[in-house]
Each structure stands twice: as structure tokens, then as C-alpha cells.
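J.: Please find one structure pasted underneath; my questions will follow.
The values are calculated or read from the model by the stated rules, or taken from the named source; none is laboratory data. For clarity, every value in this text was computed on a predicted model and none was experimentally measured. Don't worry about glycine lacking a Cβ; one is built from the backbone with ideal geometry, like all the others, and counts go over all protein chains shown. Heavy atoms of the whole protein, side chains included, go into the accessibility calculation; ligands, DNA and RNA do not. Shrake-Rupley method; radii C 1.70, N 1.55, O 1.52, S 1.80 Å.
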Amino acid sequence: MNTIGILTSGGDAPGMNSAIRAIVRTAINNDLRVKGIRNGYDGLMHGDIYEMNVSSVADIIQKGGTILGTARSLEFKEPEGQKKGAQILKDYGIDGLIVIGGDGSFKGALALSKLGINTIAIPGTIDNDMGYTDFTIGFFTAVETIIDAIGKLRDTSSSHGRAAIIEVMGRNCGDLALYAGLAGGAESIIVPEHEFSMDDIVSKVQHGVKRGKLHHLITLAEGVGDPYEVAKEVNLKTGVETRVTVLGHVQRGGAPAAPDRLLGATMGAKAVELLLENQSGIAIGFSDGKLKSTPISEAVKLGRHLNESLYRLANNLSN
Ligand code: ADP
Ligand code: F6P
């Protein structure tokens, strides 16, 4: 192993820069050369590749986003694109690749490892939608951003006696809605893993009204239902005024929270160690307080299950 490459792919996530920094510095400390591939697999398709050194990653640990840039590439999704990518890596003398991204990016990493490129995958996505790891890089920062928004919406909702419906991201995973809802004290949490019940939401609001609550906070995972429909129904059935906030891409930005920086640093260093051991096709995860290695082929098959005890707890505490 002489030269390793790094790319970030899919949606950016705060903490990716911490991982990039750890990879570059661990590699250089072990006499490896490092090449940065800009804009994920799309940059790979175009040979958008540059030499990195210790200074390339100075002053980035505190920054959101990814200094390498990220993208989604349709060309690379096809077998021909993957072969082209493997050839470009060989042409640049890259014998080991570290991919930081989500589920789709992992499938691409698996394809490259099958084509003979030693490839290690690090989970970077705010969604926390990967079943093989407890947490992904970026999740906790996004939770912090949502909690901050919930706190502000609580103020204005309490002042007006309104219900706030807050739509959060997560693709098909309810973790952002659940963790932020529990940590922010939401009365109702609507996630794709549970059947959506308008009656439950309405009765929570009615219960709150009876016991003199000034605010009603509802987190809703994107794609589960139309937040404006929920708002209309709640208003119609309870008489409580409602407002909708779609948080959107604000959830993807910001300085990474400590857990995401720590995951980035430890997983980044571990990925280089695995390449030095000549390993390939491995996804790094974090479970039960420590790092673990899982074949990427298994990692991409494991669907994520909602933490039901947290879901029940959130429900019980929001009486
Ligand atoms: P994420 O990695 O956050 O899940 P995407 O699903 O958009 O984001 O995937 C990022 C990129 O990974 C895609 O644009 C594509 O180039 C590549 N990719 C996604 N799915 C596959 C697949 N089944 N096989 C190979 N590459 C894939
Ligand atoms: O995967 C991260 C994520 O932010 C999802 O939560 C969301 O559904 C999606 O990416 C948005 O993608 P884009 O940035 O392409 O709009």
C-alpha cells in the first residue's frame, strides 16, 4: 500500500471533515501518500483528483460540510461507470480507497472492492439510517440543530397557544424525528416506522389543552405525511391554531457537535489501519461504545430498526 484515496459521497454531513483530517494525517504518519477525490463518484468519473498533505486538512475540524465536496453520480451507478472508476483509481496509482457516505455510497464502495480496489467505508449521513452501526457521522449535529429549532418554536408557540408541526429530514428513517423529539420534549413524534394516526395526534393535543399546556410540539419525519395537512386537521379537530416549519437543509449544516468529530477522528484513523492490514470491503461502525468492522456486503443489507424503547419513553414523558 503506497497511495490511498478519499472521497465523500451522497448528502454532506457535519463531521466528515474530522474524518478526512484523521485519514490524511494517519496515512502520512504511516508514510502513505494521500489523494483527495473531489465531489464523490462524480469527481472520480472526471479524474478530479489532487495530492493532499498535512496542511490540506489544517483548520477544518470545526467546519461543517466536506472540504472534498460531494455529489450524486448516475454514471457511477452503472457497472460500466464502476469499471471506469476502478481504472481511473489505478491510473492515479491509488491502491486503497476510503469512502465516506451513506447507504448508496456504500454500494458503490462494495462494487469497487469487487473490482480489486481495497476499499473501506465510513458512515457519514445525518439520517442515521444504517442498521449495522448505532450512529453515523453527522447525526448528532443535526439533532442539535433540530433541538435548537424546537426550543425557539416552543417560545413562540407558548406565547400564542399554538401547535407547531416541525418537519425534519431522515429519508426513510425516523431517528432524527425521534431523538430530536425526545430531547426537545415534543408531544407527538411521527415516524415512518409506525403507522401514522391522526387520531393519536389530535387526542394528544386535546389532552394538552385540557391540562392547560400552552404549546403543542409535533416532530414529523419527511415523507410520512403532508405537514400542512396535519396542521389543517389538528386545527379543524381541536380548534388550536397551528403553524408548520419545514426545517430542510439547515439540518445538514453547522459546526460538527462533539460526537460527530469524535466518530470522524476515530473512524478515519481506523480506516487507514485497515488498509495498512490489506483489508478490503469493510464498513466501520460504532456499537456498544466501540468501533467495529462489518463486511460492506452485510452492512448494506441490514435495515435500521427504530429504537422502540426510546419511542415509548418519548410518548410516556409527553403527557
Ligand atoms: P447516500 O450515500 O447518502 O445514501 P446516495 O444514495 O445518493 O447517497 O448515493 C450516493 C452515490 O452512490 C450515488 O450518486 C451513486 O453514484 C452511488 N450509488 C448509489 N447506489 C448505488 C448502487 N446500488 N451501486 C453503485 N453505486 C451506487
Ligand atoms: O441523506 C441525507 C438527506 O439530507 C436526507 O435526509 C434527505 O432526504 C436528502 O438527503 C436530501 O437530498 P438533497 O440534498 O439532494 O436535496
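J.: Quick one: how many residues across region 279-313 are on the phi > 0 side of the Ramachandran plot and without any contact (Cβ under 8 Å) to a residue 24 or more places away in the chain?
T.: Number of matching residues: 1.
J.: In region 91-116, which residue that is over 18 Å from Lys35 (Cα atoms) and hydrophobic (A, V, I, L, M, F, W, C) is farthest from ligand 2 (Cβ to nearest atom)?
T.: Of everything passing the filter in region 91-116, Leu115 is farthest from ligand 2 (Cβ to nearest atom).
Rundown of residues vs (1) under 29 Å from Ser188 (Cβ atoms); (2) among the charged types (D, E, K, R); (3) in contact with a helix residue (DSSP H, G or I) (Cβ under 8 Å, 6 or more places away or on another chain); (4) within 16 Å of ligand 1 (Cβ to nearest atom), yes/no style:
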| site | (1), (2), (3), (4) |
| --- | --- |
| Pro79 | no, no, yes, yes |
| Phe106 | no, no, yes, yes |
| Asn118 | no, no, yes, no |
| Ala121 | no, no, yes, yes |
| Asn128 | yes, no, yes, yes |
| Glu144 | yes, yes, no, no |
| Val168 | yes, no, yes, no |
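J.: Continuing with the same structure: Hey, does region 169-181 have a residue that's charged (D, E, K, R) and within 15 Å of ligand 2 (Cβ to nearest atom)?
T.: yes
J.: Could I ask something else about it? Filter region 1-19 for residues that are open to solvent by less than 10 Å² (accessible area, probe 1.4 Å) and either within 11 Å of ligand 2 (Cβ to nearest atom) or assigned to a loop (DSSP other than H, G, I, E, B) (or both) and give the result.
T.: Matches in region 1-19: Ser9, Ala13, Pro14, Gly15.
J.: Could I ask something else about it? Exactly one condition in (1) within 16 Å of ligand 1 (Cβ to nearest atom); (2) surrounded by fewer than 24 Cβ atoms within 10 Å (Cβ to Cβ) is false for Gly138; which is it?
T.: Looking at each condition in turn, Gly138 falls short on (2).
J.: Is at least one residue of region 97-106 touching a Lys or Arg at 6+ places or on another chain (Cβ under 6 Å) and either of a type in the set (Phe, Trp, Tyr) or at positive phi (or both)?
T.: no
J.: Let me ask you something else. Report yes if Leu182 is away from ligand 1 (no atom under 16 Å from the Cβ) and of a type in the set (A, V, I, L, M), otherwise no. Spell out the reasoning first.
T.: Details: away from ligand 1 (no atom under 16 Å from the Cβ): yes; of a type in the set (A, V, I, L, M): yes.
Answer is yes for this residue.
J.: Looking at region 121-144, I want the residues that are at pLDDT below 95 and have a partner that is away from ligand 2 (no atom under 15 Å from the Cβ) with Cβ atoms under 7 Å, at least 6 apart or on another chain. Which pairs are those?
T.: none
J.: Kindly indicate whether Val54 is of a type in the set (A, V, I, L, M), open to solvent by 60 Å² or more (accessible area, probe 1.4 Å) and more than 16 Å from Pro123 (Cα to Cα). Can you show your working first?
T.: Numbers: of a type in the set (A, V, I, L, M): yes; open to solvent by 60 Å² or more (accessible area, probe 1.4 Å): yes; more than 16 Å from Pro123 (Cα to Cα): yes.
Spelling it out, Val54 is indeed of a type in the set (A, V, I, L, M), open to solvent by 60 Å² or more (accessible area, probe 1.4 Å) and more than 16 Å from Pro123 (Cα to Cα).
J.: A further question follows. Of the conditions (1) within 19 Å of Ser309 (Cα to Cα); (2) within 16 Å of ligand 1 (Cβ to nearest atom); (3) among the β-branched types (Val, Ile, Thr), Val191 clears all except one; give me its number.
T.: If we test Val191 against (1) within 19 Å of Ser309 (Cα to Cα); (2) within 16 Å of ligand 1 (Cβ to nearest atom); (3) among the β-branched types (Val, Ile, Thr), just (2) comes out false.
J.: Hey, another quick one. Being farther than 16 Å from Tyr132 by Cβ and polar (S, T, N, Q) is the filter here, so list the residues in region 280-319 that pass it.
T.: Ser280, Ser309, Asn315, Asn316, Ser318, Asn319
J.: Give me the pairs: first residue in region 208-223 and closer than 13 Å to Asn315 by Cα, second residue within 16 Å of ligand 1 (Cβ to nearest atom) and of a type in the set (D, E, K, R), beta-carbon distance under 6 Å, and six or more apart or on different chains, which are they?
T.: From residues that are closer than 13 Å to Asn315 by Cα, there are no pairs.
J.: Being at positive phi and more than 15 Å from ligand 2 (Cβ to nearest atom) is the requirement here; does Gly138 meet it?
T.: No; evaluated as a whole, the condition is false for this residue.
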